[in-house]
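Below you'll find the structure I mean.
Every number in this text was worked out from the coordinates using simple rules, so none of it is lab data. What you see is a predicted model, and the numbers here were worked out from it, not measured in a lab. Cβ coordinates were reconstructed from backbone atoms using ideal geometry, including for glycine residues, and neighbour counts include every protein chain displayed.
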Amino acid sequence: ESESVANARRLYKSCINEAGIEAEGVNPILSLINSEFGGWPILQGPSWDNATFDLSNLLLTLRKYNNNPVYRVGTSTDEKNSTAYDIEVGQGGLGLGQKNYYINETSVNVAYRQFMRDLATALAIDTTTIDQDVIDVYEFEKTIAKYHWTIAEQRGRDSETVRTTVGNLSVILNTTFDFNSYLRRAYLLGNVTLFDTDIVAVSELEFLRNASIILDQTPARTIQNYMIWRFMMNRAINMPQYIRILRERFDRVFRGTTAEQPRTVLCGNYVNSNMGFAVSKLYIKEYFDENARNQSFEMINDIRSSFTEMLNQSTWMDAESRNKAIEKAQAIDQKVGYPDYLGSNNNTKLEEDYAEYNFNSSYIKNVIKLLEIKAQEDFRSLHEPVDRKAWGNTAPSVVNAFYEPSRNQIIFPAGILQKPFFDKDAPKYLNYGGIGVAIGHEITHGFDDSGRQFDKDGNRLPWWTDETIQKFIERKTCIVEQYSNYTATQINKKLNGNQTQGEDIADNGGLREAYFVRIIL
């Protein structure tokens, strides 16, 4: 057995070893917070000393462990040059995910603050300041959230991303927080030295400027409490049961979950999320039917032909835009099942990819190590070339399908090529109604409100005429209005058609393309 697969097994065994997790308790996490983060004031009462507080150092330590509160910094494919990577700077996440949760007080907000209060109480040495600290942290995040961009706003304002360089970043941002210095130190975590000429894509610029002002006006204690809270709320699921219960209680209100997943399922998902290609090595060998891969290639070709014919018949696209759309459809790269190296007996690439993934019996220490590795991998890729024909980061064991605009690539992992989506023994029409619709869905993503902004080579460039764009907007507005009139009856709320338009366009397109195959073939 390869060492990477063996380490995936070790990680899984450490995760399902609940007795070991209980025995270790919370000390490994608290030791990390005290030694590297500067402590969590809410646990220490008035005795916490802010004399050594340094925002840049705190954010750097959080980023070291793959956390991006307030500010998001990382590596991504350069949207203007799909053969290279660039640095992305933008808004970080919120504890409740979206700003809308902070506008009106609901049971979710109450449960969120109670989770913070209960977690602090369970770990505190001194509980005297907990209630006030919880109020201060929540009000700080609520203030930050006012300037956060929603998913719909991000989707509609992609063109507002500012493209600059590391050397010019401070001029663009105009904040008291020194992003230039922070970026350079962050990338050193991956042993990458930044150059002044390295490209930086800045999104949500207004948020970054406002967040910097808010941070300047906020006491160090509140900032420290907030940053550590964001780290701890995500680590609660990795801790002993009396801490996990607190997270589960919150999730019942926030997500509507009724109980914790079985430990075997939770740990299986965790290992698959972090070592998916090692898990896939086992899955492909033991369970994957090669016929599914071969038949899928045939179906992709059929549905691509169906989509191309639909483009030819479209009346709203002019000839120039239609021809380029057909070129893009024909240029779509397809990844089906798994990368070839996973199906061979040569484990060299797998071992290289997971060379640093060495685990032991301590689950929480393995979790901490993984957080470090993932952050380093993100930074390390910056100066490497983009292999646009490579499989990418999606593990074959994942039960989903994807379209990657920067590579103009559709991915159908082995995990989705099974019932109910696909059955090699079923009549063709059933498979076209299952995985066929999914194939059409992903192809259509290359031409939805977001995907249409990328050309056949994966670069964000204008390649439709103004006339065609205007007619597209008219049609997609119809989709937005249609879906905005649908109500989720369980919660009595209408859908946000602006936010879901990409998926709605892809759903409609995928169904039509799969059905159209039966007509033209």
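Label segment 3-274 by shape, choosing from rounded, prolate and oblate, from the square roots a ≥ b ≥ c of the eigenvalues of the Cα gyration tensor; if a/c is under 1.5 it is rounded, and otherwise prolate applies when a/b is larger than b/c, oblate when it is not. Don't skip to the end; give the middle numbers.
Details: a/c = 1.57, a/b = 1.29, b/c = 1.21.
Here segment 3-274 falls in the prolate category.
Next up: I'd like the antiparallel share, as a percent to the nearest 5, of DSSP beta bridges with both residues in the chain. Before the final figure, lay out each step's value.
Numbers: 17 of 26 bridges.
Counting DSSP beta bridges with both partners in the chain, the antiparallel share is about 65 percent.
Kindly flag which residue pairs out of 13/389; 324/476; 389/428 have an alpha-carbon separation exceeding 23 Å in this structure. Walk me through the numbers on the way to the answer.
Values: 13/389 35 Å; 324/476 20 Å; 389/428 29 Å.
Correct reply: 13/389; 389/428.
Please compare each pair in 335/424; 64/281; 80/456; 328/424; 285/349; 64/374 to a cut-off of 21 Å on the Cα-Cα distance and tell me which ones are over it. The partial results should precede the final answer.
Numbers: 335/424 19 Å; 64/281 29 Å; 80/456 12 Å; 328/424 30 Å; 285/349 17 Å; 64/374 9 Å.
Among 335/424; 64/281; 80/456; 328/424; 285/349; 64/374, the Cα-Cα distance tops 21 Å for 64/281; 328/424.
Then there is this: Given Cα pairs under 8 Å that are at least 6 residues apart, what percent is the relative contact order of the chain?
Taking the mean separation of contacting Cα pairs over the length of the chain, I get 21 percent.
Can you compute the modelled spin-label distance between residue 380 and residue 298, with each label point 7 Å from Cα toward Cβ, in nm?
Computed distance between label sites residue 380 and residue 298 equals 4.2 nm.
I need the shape label for segment 339-466. Rule: rounded when a/c is under 1.5, else prolate if a/b > b/c, else oblate, with a, b, c from the alpha carbon gyration tensor.
On the way: a/c = 2.26, a/b = 1.28, b/c = 1.76.
Cα axes put segment 339-466 in the oblate bin.
State, to one decimal in nm, how far the label point of residue 135 lies from the label point of residue 196, with both points 7 Å from Cα in the Cβ direction.
Distance between the two pseudo-spin positions: 5.0 nm.
Please list, ordered by chain and number, the residues whose modelled amide H lies under 5 Å from the amide H of residue 336; skip anything fewer than 5 residues away on the same chain.
Long-range HN contacts for residue 336: 412.
Quick one: compute the contact order of segment 3-274, relative version, from alpha carbon pairs under 8 angstrom and 6+ residues apart, as a percent. Don't skip to the answer; put the middle values down first.
Details: 306 pairs, mean separation 72.0, N = 272.
Rounded, it is 26 percent for segment 3-274.
Hey, which aspartates and glutamates would be in cross-link range of residue 146, C-alpha to C-alpha under 15 Å, not counting anything within fewer than 8 residues on its own chain?
Partners found: 105, 204, 206.
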